[in-house]
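Engineer: Below is the structure I would like to discuss, written out as C-alpha cells.
Readers should treat all values here as calculations from the given coordinates under stated rules, not as data from a laboratory. Here the structure is a predicted model, which means the values were calculated and not measured. Note that each Cβ is placed from the backbone with ideal geometry, even for glycine, and that neighbours are counted across all protein chains shown.
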Amino acid sequence: MRKTAIAAAVAATGLAFNIAHAAPLPEIKPDQAGFSKAGLARLDDFFAREIAAKRVPGAVVAIARDGKLVHYKAYGQLDPVKGTPMPIDAVFALASMTKPMAAVAGLTLMEQGRLPLQAKVAEYYPAFADMKVGVPQEDGSLKMEPQARPILIHDLYRHTSGLMYGGRPDSSSALARLYPEGTAPAVEGDTAAFIDRITKLPLVHQPGTEFEYGFSIDVLGAVVEKVSGERLGDYLKANVWTPLGMKDVTFHLTDAQRARLARPFANDPLTGKPQSIRVLDAPIKFDCGGACSFATVGDYLRFGQMLLNGGELDGQRILSPRTVHHMTSNHLGPEIKNNVAAVEPHRGGFGFGLSVAVRTSEGLSSVPGNPGEFTWNGANGTQFFCDPKEHLVVVVGTAAPGELRKYYRENVQDIVYGAMVK
C-alpha cells in the first residue's frame, strides 16, 4: 500500500524520479554541484505554467554536472488524449538528435581507417557523382551545372553536401519544393529507394560552399551501413548504445516502448492547425540517420556525458578524446557560408562541427553559454547541450513539433544557467 501511494504521488507531481527506473548517472544535491535549489525550482514553475496553459503536454528534463545527476524530473502528461502522466522513462521521437549518434557511428569507422573524411561519397554510392547543381533563373527555371568538386564524407557531417530538406517553414524555394520532408523517405521506402530518390534531385549549392541543413546525415547513415555491412541501428547498438547502457534507444519500437511514447497535442497551440509526429504511428523502413530514432532523456544524457568525457563513460570507450575534440570543433571555414543561425534562432555565434552546432564566440547567441559548447535539437521538441567549461550536460524531451519548441529550448537554457551560482 505504502509503495503504491508513493508511486501515485510521483505520478501526480511529476517532480521526482520514477522509483522503478534507475537514475542514468550518480546523483548529487544541487548545492553540491554549484546550483541554486531555488533557481532549479524555476524549471518546475516554468513547466507548470506552460502545462496549465495547454501549450505543451509535458516534459522530461535532465541536468548533469561533473558527471553527476543534479536534476531529473518529469512534468505533465505523456499523452494529452489519454491523460497519462509523464513517466521519467518516457520515450521521445528524437528527430534530428539522431544525427550526433549516426555521426559517432561514422567516426568509429574513421578511427578504424575505414571511412576517412576526404573520401568521396560516390565511392560508396556512385549515383552521387552524377548529381547536378540547380541554379534558379529569373524565369523560375533551374539551370543545371556540374559539381565543381565531388561531395565528400566531410560534407555529410557538416551539411555542406548541397542536399537539403523539403517541407520546412523556412524553405519555400523552387528547389525546396522538389525535396521530401525529413522522415518521408524512411517511411515510404528502404535505403536503396532513398539513395535513388535523393540522387535524382538537384543539389542546392556547390559541395563545400554553404551550410545547408538537410539529408546529409541520412546519407552518412547509409554509408555507415555500406562500410559496416550492418543496419545502422544494429551497428549503433553494438558499438555505442549497449556499451553505454542506453536501454531504450532504437529505430524500431517494441510494444512496451510504444506505450511510453510522448505524444503532442492534436493541434498546434500557437496556430490551432493540426500537427503530428509522423514516425509515432508510421513505422520506418530503413534506419535513417538524420531523424528516425527514439530514446529516453536518461539514455541521451548518457550519450551526451560520454561526449563531454572525451568519448568514454563508466569504463566504456566509444571514441578517443582527440576524435571527440575534432567532432566538436567548428568545421565551417571562412570560405563556407554559415547558415546555422538561420536554422535555429538562438544559434548566433555558432559554427558547426561533425553533426553538432559549436559555439565559437562570447555573446551573439540569445542564450547563455561558453565557447566550446556543442549542441543540437530535434524538430519534435527535444534538445541537448554540453558545455565543457562548466562540465555540464542538459537533455530535454517534449512532444512539441510546432514553433513553440524553439521557445522551450531558449527558456530551458536560460533557466539552467540562471540557476548556476558556482
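Engineer: For residue 362, only one of the following conditions fails: (1) charged (D, E, K, R); (2) touching a residue at least 24 places away in the same chain (Cβ under 8 Å); (3) surrounded by fewer than 22 Cβ atoms within 10 Å (Cβ to Cβ). What is its number?
Structural biologist: Among (1) charged (D, E, K, R); (2) touching a residue at least 24 places away in the same chain (Cβ under 8 Å); (3) surrounded by fewer than 22 Cβ atoms within 10 Å (Cβ to Cβ), the lone unmet condition for residue 362 is (2).
Engineer: Consider segment 31-85. How many of its residues are closer than 22 Å to residue 303 by Cα and of a type in the set (A, V, I, L, M)?
Structural biologist: Final tally of qualifying residues: 10.
Engineer: Please verify whether segment 378-389 includes one or more residues that are farther than 23 Å from residue 102 by Cα and out of contact with any strand residue (DSSP E or B) (no Cβ under 6 Å at 6 or more places or on another chain). Walk me through it before giving the result.
Structural biologist: Going through segment 378-389, the residues farther than 23 Å from residue 102 by Cα turn out to be 389.
After this cut, where a residue has to be out of contact with any strand residue (DSSP E or B) (no Cβ under 6 Å at 6 or more places or on another chain) as well, the list is 389.
Yes, segment 378-389 contains a residue that is farther than 23 Å from residue 102 by Cα and out of contact with any strand residue (DSSP E or B) (no Cβ under 6 Å at 6 or more places or on another chain).
Engineer: Could you list, in sequence order, the residues of segment 25-49 that are over 9 Å from residue 70 (Cα atoms) and among the aliphatic types (A, V, I, L, M)?
Structural biologist: Selection gives 25, 38, 40, 41, 43, 48.
Engineer: Quick one: in segment 146-184, which of the residues that are without any contact (Cβ under 8 Å) to a residue 60 or more places away in the chain and of a type in the set (D, E, K, R) is farthest from residue 283 (Cα to Cα)?
Structural biologist: 149
Engineer: OK, next. With the requirement that a residue be crowded, with 16+ Cβ neighbours inside 10 Å and part of a helix (DSSP H, G or I), what does segment 30-58 give you?
Structural biologist: So the first thing to find is which residues in segment 30-58 are crowded, with 16+ Cβ neighbours inside 10 Å, and the list is 30, 33-35, 39-40, 42-44, 46-47, 50-51, 55-58.
Within segment 30-58, 30, 33, 39, 40, 42, 43, 44, 46, 47, 50, 51 meet the criteria.
Engineer: Of the residues 330, 380, 309, 339, which is surrounded by fewer than 24 Cβ atoms within 10 Å (Cβ to Cβ), under 28 Å from residue 205 (Cβ atoms) and touching a residue at least 60 places away in the same chain (Cβ under 8 Å)? Even if it seems obvious, please write down each step before you answer.
Structural biologist: Values: 330 fails: touching a residue at least 60 places away in the same chain (Cβ under 8 Å); 380 fails: surrounded by fewer than 24 Cβ atoms within 10 Å (Cβ to Cβ); 309 fails: under 28 Å from residue 205 (Cβ atoms).
After applying the criteria, what remains is 339.
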